[in-house]
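K.L.:
One structure coming up, written as structure tokens, with questions to follow.
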Amino acid sequence: MASTVVQRPRQGWRARLRRDRVLLAMTIPGLVALVGFHYLPLLGNVIAFEDYQPFLGIINSQWVGFEKFAILFNGDPAFVNAVKNTLILTLVQVIFVFPAPIVLALMINSLLSDRMRRIVQNVLYLPHFLSWVVVVAIFQQLLGGSGLLNTFLRSHGAATLDIVGNPDLFISLLTSQVVWKDSGWATILFLAALSQVDQSLYEASAIDGASRAQQLVNVTLPALRGVIILLLILRLGDSLNVGFEQIILQQKAVGSEASEVIDTYVFNYGILGSDWGTSAAVGLVKGVIATVLVVGANKLAHVFGEDGVYRA
Amino acid sequence: MTVTEPARVEAAVVSEPPAQRDRRRRNPTLSRPGVPESVLKVVVLGFAVLAVVVPFLGILSTSLSSKEHLDAKGGFVLWPDAVSLDAYRTVLSGGVVSKALLVSVGVTLIGTVLSLLVTAMLAYGLSRPGSFGSRPALLIVLFSLLFSPGLLPVYLTVRGFGLIDTYAALILPGLVGGFNVIVLRSFFVSIPAELLESARIDGAGEWQIFTRIVTPLSKAVLAVIGLFYGVGYWNAFFNALIYLNDQGRWPLPLVLRTYVINNTQISAGDLAASGAGALPAQPALQMAMLLIAVVPILIVYPFLQRHFTKGVITGAVKG
């Protein structure tokens, strides 16, 4: 980034400390919060290697090494089920949730009327700001057993559709909720990228006889490439986080067979079930995998000549 | 692996799109869309817009409707038969919902102000190149983005600090978002150093420069980041669920879960209602609660939406 900073003369650390003491003091509350609620808990992960007893505390609980991990990798059925559901949900969401905002953004971008664009954008951004509680409640009101859709079907003598609370449809339900809530908001980045496309490229391609479809493939999509890759990397790092609040809210209705994911497993077994060590082990494995995924994906992006999230 | 600079993140923020108005002047050589394309566009975008508008209309209509109308229609209606504010009056007359609303408003206001203040101070402290300790401090912020400590350790930490069943547990764990710090810092860095230098020559201290020059220049970005923090606190569900065992302290989202999602009937006792008289229909009460949870967002939304694209493109990645 180009900043026109006048380099201050080099001073000894005491002088610099004296000079910058106000600046330094300003950073302290924020750093304390980060250390206290981010780095300190990182250390707390050691309970994954202990037979953690709350009344003994971290220091006095007995070390058990990798015993807690062994329980996981020996194929505890509940854990295997949670991993399976997580992976399925991730896959489904990458396939169905990820492209939605791209399609929406392309359509919004091709709207010729300024006013229409603004209305559509502002309406579609809105659901992003609703809590999951509100979103789940809205879906219940529309699609639930006594919701609008089924009331309508009943009053017309048709068979009702069991959508909310049906384990077989749970993944579809979750996916459509995510699309409804966030695909509008996600267009913001694609629209920003599209707005930076050099308009003369379209002109040049039109003179060369490119059709609208050819312009899409040869001008518009390449312009989105960087953003798409950036978002895919971030999605990958996030891939084991699949809608924790969203699922917790609806888990009771469909049972854990269909709805348990890694995060809810940690919550249900750790905090509700007080199986601290095992849950921490699961959380730790998950965190490590997520970090490896981001770093790996970022490397991959560099291989393909993209910037990725950061430069190492 | 060493993180040298938050290069990409900053670049994404700084490269603001040009003003919308300029770029909309279409090039005349561009072909207009054909009929099938236009139809597809109208159908898809029309459906998307209706999918957002219709539920809101339904919530509003149901909350305003009479009991008879709702009974006849089976509960949820898209158009009210009357405009009755009884449901709102009942829900807000005292009891669990009013209490939860109060908690949510308080936590949101206090939390947002604290978060903004601490985030902006941290970002400013890191934004002056060559200042003492800013390098390691920046690394502390950056690394916090790479690793998430996990649900249980955070819970144990919050419990270790004795915050269980306190409102502070809803605020402190999420007080500073590393991402927001980076966004704000990159904005502060882009403020011309000459401006700050001249203030310094005029005798202003760092604190004065921060409050009188830097923050007024950053209003748009601060507004959007404030919105993100505010929405976070307002919608906070999970923190309250795990940290507050005492249901009397629950904020609005948890009360909504009980009475709307789990469909627990809300009774006069829960509301400490205005004494005699039948309650409005359950669906009307439920939808009134739901709308109350949405209204604050609808109120601040129009003031902030024009800053969305300009201010925090990066925020969208995270959010």
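K.L.:
Six or more apart or on different chains, Cβ atoms under 7 Å: show the pairs whose first residue is in the range B:297-312 and assigned by the TED database to the domain that holds B:Leu252 and under 14 Å from B:Lys219 (Cβ atoms) and whose second is at pLDDT below 75 and open to solvent by 60 Å² or more (accessible area, probe 1.4 Å).
P.N.:
Cβ pairs passing all conditions: B:Lys310/B:Glu16.
K.L.:
Here is a follow-up. For the range A:48-167, please list each of the helices (runs of 4 or more DSSP H) lying entirely inside it that holds at least 3 residues being under 25 Å from the mean Cα position of the chain (by Cα) and buried (at least 19 other Cβ atoms within 10 Å of the Cβ).
P.N.:
Values: elements: A:57-60, A:67-73, A:77-96, A:99-109, A:114-125, A:132-143, A:148-155.
Where helices (runs of 4 or more DSSP H) fall fully within the range A:48-167 and carry at least 3 residues being under 25 Å from the mean Cα position of the chain (by Cα) and buried (at least 19 other Cβ atoms within 10 Å of the Cβ), they are A:77-96, A:99-109, A:114-125, A:132-143.
K.L.:
Further question: Would you confirm, using the coordinates I've provided, whether B:Arg159 is over 24 Å from the mean Cα position of the chain (by Cα), open to solvent by 20 Å² or more (accessible area, probe 1.4 Å) and closer than 30 Å to A:Val285 by Cα?
P.N.:
Values: over 24 Å from the mean Cα position of the chain (by Cα): yes; open to solvent by 20 Å² or more (accessible area, probe 1.4 Å): yes; closer than 30 Å to A:Val285 by Cα: yes.
Answer is yes for this residue.
Residues are listed down the side, and each one gets a yes or a no for (1) open to solvent by less than 20 Å² (accessible area, probe 1.4 Å); (2) in contact with a Phe, Trp or Tyr (Cβ under 7 Å, 6 or more places away or on another chain); (3) without any contact (Cβ under 8 Å) to a residue 12 or more places away in the chain; (4) at the interface with chain B (Cβ under 9 Å from one of its Cβ atoms):
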| site | (1), (2), (3), (4) |
| --- | --- |
| A:Asp263 | no, yes, no, yes |
| A:Asp275 | no, yes, yes, no |
| A:Ser279 | yes, yes, no, yes |
| A:Ala297 | yes, no, no, no |
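K.L.:
If you check B:Val43 against the conditions, is it assigned to a helix (DSSP H, G or I) and open to solvent by 40 Å² or more (accessible area, probe 1.4 Å)? Before the answer, list the steps.
P.N.:
Values: assigned to a helix (DSSP H, G or I): yes; open to solvent by 40 Å² or more (accessible area, probe 1.4 Å): yes.
Against the criterion (assigned to a helix (DSSP H, G or I) and open to solvent by 40 Å² or more (accessible area, probe 1.4 Å)), B:Val43 qualifies.
K.L.:
Select, from B:Gly106, B:Gly125, B:Gly130, the only residue that is modelled with pLDDT under 90, of a type outside the set (Val, Ile, Thr) and open to solvent by less than 50 Å² (accessible area, probe 1.4 Å). It would help to see each step written out before you state the result.
P.N.:
Details: B:Gly106 fails: modelled with pLDDT under 90; B:Gly125 fails: modelled with pLDDT under 90.
Going through B:Gly106, B:Gly125, B:Gly130 in turn, just one is modelled with pLDDT under 90, of a type outside the set (Val, Ile, Thr) and open to solvent by less than 50 Å² (accessible area, probe 1.4 Å): B:Gly130.
K.L.:
Quick check on the range A:58-75. Is at least one of its residues closer than 22 Å to A:Ile289 by Cα and at pLDDT 90 or above?
P.N.:
The initial filter retains those residues of the range A:58-75 that are closer than 22 Å to A:Ile289 by Cα, namely A:65-75.
With the extra rule that they be at pLDDT 90 or above, the set shrinks to none.
No, the range A:58-75 contains no residue that is closer than 22 Å to A:Ile289 by Cα and at pLDDT 90 or above.
K.L.:
Working carefully through the options A:Leu31, A:Leu40, find the one that is of a type outside the set (Gly, Ala, Ser), within 12 Å of chain B (Cβ to nearest Cβ), open to solvent by 60 Å² or more (accessible area, probe 1.4 Å) and under 31 Å from the mean Cα position of the chain (by Cα). Full working, then the answer.
P.N.:
Numbers: A:Leu31 fails: open to solvent by 60 Å² or more (accessible area, probe 1.4 Å).
On inspection, the qualifying residue turns out to be A:Leu40.
K.L.:
Shifting gears a bit: Can you find a residue in the range A:223-236 that is open to solvent by 40 Å² or more (accessible area, probe 1.4 Å), more than 9 Å from chain B (Cβ to nearest Cβ) and touching a Leu at 6+ places or on another chain (Cβ under 6 Å)?
P.N.:
Scanning the range A:223-236, I find at least one residue that is open to solvent by 40 Å² or more (accessible area, probe 1.4 Å), more than 9 Å from chain B (Cβ to nearest Cβ) and touching a Leu at 6+ places or on another chain (Cβ under 6 Å), so the answer is yes.
K.L.:
A further question follows. Mind checking whether some residue in the range B:197-208 is buried (at least 20 other Cβ atoms within 10 Å of the Cβ), over 17 Å from B:Ser115 (Cβ atoms) and within 10 Å of chain A (Cβ to nearest Cβ)? Walk me through it before giving the result.
P.N.:
Step one: of the range B:197-208, the residues buried (at least 20 other Cβ atoms within 10 Å of the Cβ) are B:206.
Those still in the list that are over 17 Å from B:Ser115 (Cβ atoms) too: B:206.
This time we only want the ones that are within 10 Å of chain A (Cβ to nearest Cβ), so: B:206.
The answer is yes, given that some residue of the range B:197-208 is buried (at least 20 other Cβ atoms within 10 Å of the Cβ), over 17 Å from B:Ser115 (Cβ atoms) and within 10 Å of chain A (Cβ to nearest Cβ).
K.L.:
I've got another one for you. Of the residues that make up the range B:177-186, is at least one open to solvent by 40 Å² or more (accessible area, probe 1.4 Å) and either touching a strand residue (DSSP E or B) at 6+ places or on another chain (Cβ under 6 Å) or assigned by the TED database to the domain that holds B:Thr215 (or both)?
P.N.:
No, the conditions are met nowhere in the range B:177-186.
K.L.:
While we're here: Read through the list (1) surrounded by fewer than 18 Cβ atoms within 10 Å (Cβ to Cβ); (2) under 26 Å from B:Val300 (Cβ atoms); (3) modelled with pLDDT under 90, then give the number of the only condition that B:Val221 fails.
P.N.:
Every condition holds for B:Val221 apart from (1).
K.L.:
Now, a different point. Could you give me the residue pairs with C-beta distances under 7 Å whose first residue belongs to the range B:135-160 and is more than 7 Å from chain A (Cβ to nearest Cβ) and under 28 Å from A:Gly277 (Cβ atoms), whose second residue is of a type in the set (A, V, I, L, M, F, W, C) and assigned to a helix (DSSP H, G or I) wherever it lies, and which are 6+ apart or on separate chains?
P.N.:
From residues that are more than 7 Å from chain A (Cβ to nearest Cβ) and under 28 Å from A:Gly277 (Cβ atoms), the pairs are B:Leu145/B:Phe179; B:Val158/B:Ala169.
The values are calculated or read from the model by the stated rules, or taken from the named source; none is laboratory data. For clarity, every value in this text was computed on a predicted model and none was experimentally measured. All Cβ positions, glycine included, derive from the backbone under ideal geometry; neighbour counts span all protein chains shown. Note: accessible area is taken over every heavy atom of the protein model, side chains too, but ligands, DNA and RNA are not part of it. Shrake-Rupley method; radii C 1.70, N 1.55, O 1.52, S 1.80 Å.
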